[in-house]
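> Take a look at the following structure, please.
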Amino acid sequence: MSISADGAAGADPGPTSRWHPRVPDESEFPAVVRLVGEALLGGKSDAESYRELTHLDRTLTVFDGAQPVGNTTALPLTMTLPGGARRVSGVSAVGVWPTYRRRGVLSALMRRQFADIRERGEDVAALFASEGAIYGRFGYGPAASAVSFTLPTRETALRPDAPRDPALRLRLLDAAEARKEISVVHQAAAPQRVGEFQRTEAWWTRVLHNPPGNPFSDLKCAVAEDDAGPLGYVLYRTRQVWDDHGTADSALRVEEVYATAPAAHTLLWEHVLTRDLVTSVTCDMAALDDPLFHLLADPFRARRRHIENLWIRLVDLPAALERRSYAAAVDVVLEVADRHCPWNAGRWRLTADTAAARCRPTDQEPDIRLDAAHLGAAYLGGTRLGGYLAAGLLSEAAPGAVQRLDTALHRADLPYCGNVF
Ligand SMILES: CC(=O)SCCNC(=O)CCNC(=O)[C@H](O)C(C)(C)COP(=O)(O)OP(=O)(O)OC[C@H]1O[C@@H](n2cnc3c(N)ncnc32)[C@H](O)[C@@H]1OP(=O)(O)O
């Protein structure tokens, strides 16, 4: 029996599992789409839009006869990580047919997927979880948080000393027309934030899609630019509303803001906050440390709600720890429990400084005993191992070892991914 991050010691869906995941073929894909749509209670178009993004050879499906009963895929994402951008497996489209749940289908899929990811030479997997209780047992840890928020426009203003540049201009256009310009801004902004990934054409098609039946307008885009070109953009939708007295009460929903200069950021937010007829601006997802929260004259006016963002899994633990950058020197022996990637389990000596890192097997006594999920949570620098220590979920034999490791893993920015996958 092994310990796991969720404290459970459940059934091990090892090679004796009755489920044998395999790559589906093109003719089977429509049934896979239906399975994922049904499991996630998503609309048909939701699931279908995955086809463009899905690489069949990175998809695994469990069949019972001809019927697909479980699925997962690993999207190839070039994600910004501490240490630079590299290929990450973006795990998505996870679903089990409702009459097959709790019979080990997901466990069989996860186990096979980890082996495939490792074989491809990718050391980190990332996902957005539908529920918090699913992925800890598989060695994923909650690595990033985000906020959604609402701003009542009549009570909201930006600080007078917010950076403003008279050389900047703003253009409002249909989002599809702006595709090329804004992709350049996004490409430049993504490396600045741990957790963001570079968007392919298929991703842009998905981001700029206008779903039928949406009560909000088609996507609009405001681009902030100077003579050298675009420096930022905001994508948003509006909904025209008149209250019972015939007074304008319209809503504006910000889908995303990316800027490579602080003054562009100010200009874009001032644009959405001052659109005529709008009384409330909402944003479904933003980084916890989005510059906007510092720029508001009264930050209390932003009604914020905490939401979960990326979960991270170190599939090849020594490779992932060696490829990471560190904020301070550390020399620590870790004893890692890993039920689903047994090649990670055991003792590792991590020796790192701000220039390089080395992670090798050792038989030295451990300083910290923890689960692979704890290292996944801490990997992006947004979750402190000290929290798990305080909760009694990991232990340290050498006093201060967790604090030293947290210091080395520290990042000045908070991790965030602006694209749910
Ligand atoms: C990255 C993404 O795509 S996120 C989307 C995830 N998908 C969904 O939420 C769709 C709806 N749910 C489902 O399709 C399924 O219930 C799944 C995929 C969450 C789980 O699939 P199952 O085949 O039932 O999981 P499986 O039987 O392998 O369970 C493994 C273990 O996880 C536990 N578990 C599975 N799902 C959950 C859950 N939602 N909450 C709590 N525990 C869970 C099981 O009890 C079992 O525990 P044990 O090891 O202690 O016995």
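The values are calculated or read from the model by the stated rules, or taken from the named source; none is laboratory data. Here the structure is a predicted model, which means the values were calculated and not measured. Don't worry about glycine lacking a Cβ; one is built from the backbone with ideal geometry, like all the others, and counts go over all protein chains shown.
> Any residue that is within 15 Å of the ligand (Cβ to nearest atom), touching a strand residue (DSSP E or B) at 6+ places or on another chain (Cβ under 6 Å) and assigned to a helix (DSSP H, G or I) - is there at least one of those in segment 163-182?
No, the conditions are met nowhere in segment 163-182.
> Next up: Looking at Ala129, is it at pLDDT 95 or above, of a type in the set (A, V, I, L, M, F, W, C), buried (at least 18 other Cβ atoms within 10 Å of the Cβ) and within 16 Å of the chain's Cα centre (by Cα)?
Against the criterion (at pLDDT 95 or above, of a type in the set (A, V, I, L, M, F, W, C), buried (at least 18 other Cβ atoms within 10 Å of the Cβ) and within 16 Å of the chain's Cα centre (by Cα)), Ala129 does not qualify.
> Let me ask you something else. Which one is farthest from the ligand (Cβ to nearest atom) among residues in segment 121-156 that are in a loop (DSSP other than H, G, I, E, B), closer than 24 Å to Ala85 by Cβ and not charged (D, E, K, R)?
Gly121
> Only residues that are without any contact (Cβ under 8 Å) to a residue 12 or more places away in the chain and out of contact with any Asp or Glu (no Cβ under 9 Å at 6 or more places or on another chain): list them for segment 202-254, please.
Hits for segment 202-254 are Gly213, Ala228, Asp244, His245, Gly246, Thr247.
> Please go through segment 116-131 and give me each residue that is over 23 Å from Tyr50 (Cα atoms) and not acidic (Asp, Glu), ordered by number.
Arg118, Gly121, listed by residue number.
> Among the residues of segment 92-131, write down those that are among the β-branched types (Val, Ile, Thr) and out of contact with any Lys or Arg (no Cβ under 8 Å at 6 or more places or on another chain).
If the condition is that a residue be among the β-branched types (Val, Ile, Thr) and out of contact with any Lys or Arg (no Cβ under 8 Å at 6 or more places or on another chain), then Val94, Val96, Thr99, Val105, Ile117 are the ones that fit.
> Hey, can you tell me all the residues within segment 12-25 that are in contact with a helix residue (DSSP H, G or I) (Cβ under 8 Å, 6 or more places away or on another chain) and at pLDDT 95 or above?
Trp19, His20, Pro21, Val23, Pro24, Asp25
> Do you know which residues across segment 48-107 are hydrophobic (A, V, I, L, M, F, W, C), within 9 Å of the ligand (Cβ to nearest atom) and outside any helix (DSSP H, G or I)?
Within segment 48-107, Val62, Val69, Val91, Ala93, Val94, Val96, Trp97 qualify.
> Also, I was wondering about something else. Could we say that Arg275 is within 22 Å of Asn419 (Cα to Cα) and of a type in the set (Lys, Arg) here?
For Arg275, the condition - within 22 Å of Asn419 (Cα to Cα) and of a type in the set (Lys, Arg) - is not met.
> Taking segment 297-329 as the search range and keeping residues that are surrounded by fewer than 19 Cβ atoms within 10 Å (Cβ to Cβ) and of a type in the set (A, V, I, L, M), which one is nearest to Ala263 (Cα to Cα)?
By that ranking, first place goes to Ala297.
> Scan segment 217-258 for residues that are outside any strand (DSSP E or B) and in contact with a strand residue (DSSP E or B) (Cβ under 8 Å, 6 or more places away or on another chain) and report the count.
6
> I've got another one for you. Of Gly376, Gly381, which residue is in contact (Cβ under 8 Å) with a residue 12 or more places away in the chain and in a helix (DSSP H, G or I)?
Gly376
> Here's another thing I want to ask about it. Show the residue pairs meeting these rules: Cβ distance below 9 Å; 6+ apart or different chains; first residue within segment 298-325 and more than 30 Å from Trp348 (Cα to Cα) and without any contact (Cβ under 8 Å) to a residue 12 or more places away in the chain; second residue surrounded by fewer than 19 Cβ atoms within 10 Å (Cβ to Cβ) and of a type outside the set (Lys, Arg).
As it stands, the answer is Pro299/Phe293, since those pairs meet every condition given.
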